[in-house]
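**Q** Quick one: the structure is below, questions incoming.
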Amino acid sequence: MPSFLQIIRFCIQTINCINEGVGKTISWLTLLMVLTTFLVVVLRYAFDLGWIALQESVSYMHALVFMLGAAYTLKHDKHVRVDIFYQACSVRNKAWIDCLGTLFLLMPVMGFIIFSSWEYVSDSWAIQESSRNSGGLPGVYLLKTTILLMAALLFLQSIAWFLQNLITALDMQTEEL
């Protein structure tokens, strides 16, 4: 029978795998975004051609990279932080700071984002919102859905981050639990 600590570690590993996969997959959009931007510029200035949809696709990709890559960034602890006091702390104190920050800041903010944007995204889905520009991309409602996806992925990662730091803070590295 698996111990409680093994179950927690399995949850952490599962969440980390999800966000690692999303992050690595979405990172390819940065290359596609550069190539698409290059294509837009070449078509515009070399051939005097332009497509609104192609230009909007760069904005869509940019949004996807940042929105869906946020949890991946948290997983790798690469978010910007003001670490005037944090850097001088011990590993256990850093873990406690991360636990409290996750519990009292990150999780409530992600919950608020989900709660406050739900109607905004639902309304967009209800009318199947598309670009306001003639010849623009359809599916603005899909892009707006990434607000909820970002918050959900960050909330999931915050659970893993909290549990991982709690294990460190409580010094529960052994399999005795």
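Quick note: the coordinates plus some simple rules give every number you see, no bench work behind them. All of these numbers come straight from a predicted model, not from anything done at the bench. Cβ: placed from backbone, ideal geometry, glycine included. Neighbour counts: every protein chain shown.
**Q** How tilted is helix 91-101 with respect to the longest principal axis of the chain? Cα atoms for both, answer in degrees (0 to 90, nearest 10).
**A** It works out to around 50 degrees.
**Q** Tell me the mean residue ellipticity at 222 nm calculated for the chain from its helices only (DSSP H runs of n ≥ 4, each -39500 (n - 2.57), averaged over every residue, nearest 500).
**A** -26000 deg cm²/dmol
**Q** A further question on this structure: Tell me the angle of helix 107-126 to the major Cα principal axis of the chain, expressed in degrees between 0 and 90 and rounded to the nearest ten.
**A** Once rounded, the angle reads 30 degrees.
**Q** What does the charge count around K144 come to, taking other residues whose C-beta lies under 12 Å from its C-beta (Lys +1, Arg +1, Asp -1, Glu -1)? Don't jump to the answer; show the numbers that get you there.
**A** On the way: positive: none; negative: E119, D123, E129.
Value of the local net charge: -3.
**Q** Taking Cα atoms, how many degrees apart are the long axis of helix 52-75 and the longest axis of the chain, rounded to 10 and kept between 0 and 90?
**A** So the helix axis and the longest Cα principal axis differ by about 0 degrees.
**Q** Could you compute the net charge surrounding Q87? Neighbours are other residues with a C-beta less than 12 Å from the C-beta of Q87; K and R count +1, D and E count -1.
**A** My count for the surroundings of Q87 gives +1.
**Q** Once semi-axes √(5λ) of the Cα gyration tensor in Å is worked out from the coordinates, which option in (1) 39, 19, 15; (2) 24, 20, 15; (3) 29, 16, 14 does it equal?
**A** Checking each listed value against the structure points to (1).
**Q** Could you compute the FRET efficiency for F104 and C11, with r as their C-beta to C-beta distance and R0 at 22 Å, rounded to 0.05?
**A** For R0 = 22 Å, the calculated efficiency reads 0.60.
**Q** Could you tell me which of I8, V82, A70 has its Cα farthest along the dipole of the chain towards the positive end, charges placed at Cβ (Lys, Arg +1; Asp, Glu -1), taken about the Cα centre?
**A** Towards the positive end, the residue furthest out is V82.
**Q** What is the extension gain from F4 to L49, computed as 0.36 nm multiplied by their sequence separation minus the C-alpha to C-alpha distance, in nm to one decimal?
**A** Fully extending the segment from F4 to L49 adds 10.1 nm.
**Q** Comparing M33, M110, M150, which has the greatest mean-square fluctuation in the GNM of the chain with Cα pairs linked when under 10 Å apart?
**A** Per the Cα network of the chain with a 10 Å cutoff, M33 tops the list.
**Q** Residues with amide H under 5 Å of S131's amide H, sequence separation 5 or more or different chain, H placed in the peptide plane at 1.01 Å from N; which?
**A** Counting only residues 5 or more places away or on other chains, the set is L137, G139, V140.
**Q** Would you look at the GNM of the chain, springs on alpha carbons closer than 10 Å, and say which of G50, G23, G111 moves the most?
**A** G50
**Q** Determine the gain in length on full extension of the stretch R92-A152; use 0.36 nm per residue of separation and subtract their C-alpha separation, reporting nm with one decimal.
**A** Extra length available between R92 and A152 comes to 18.9 nm.
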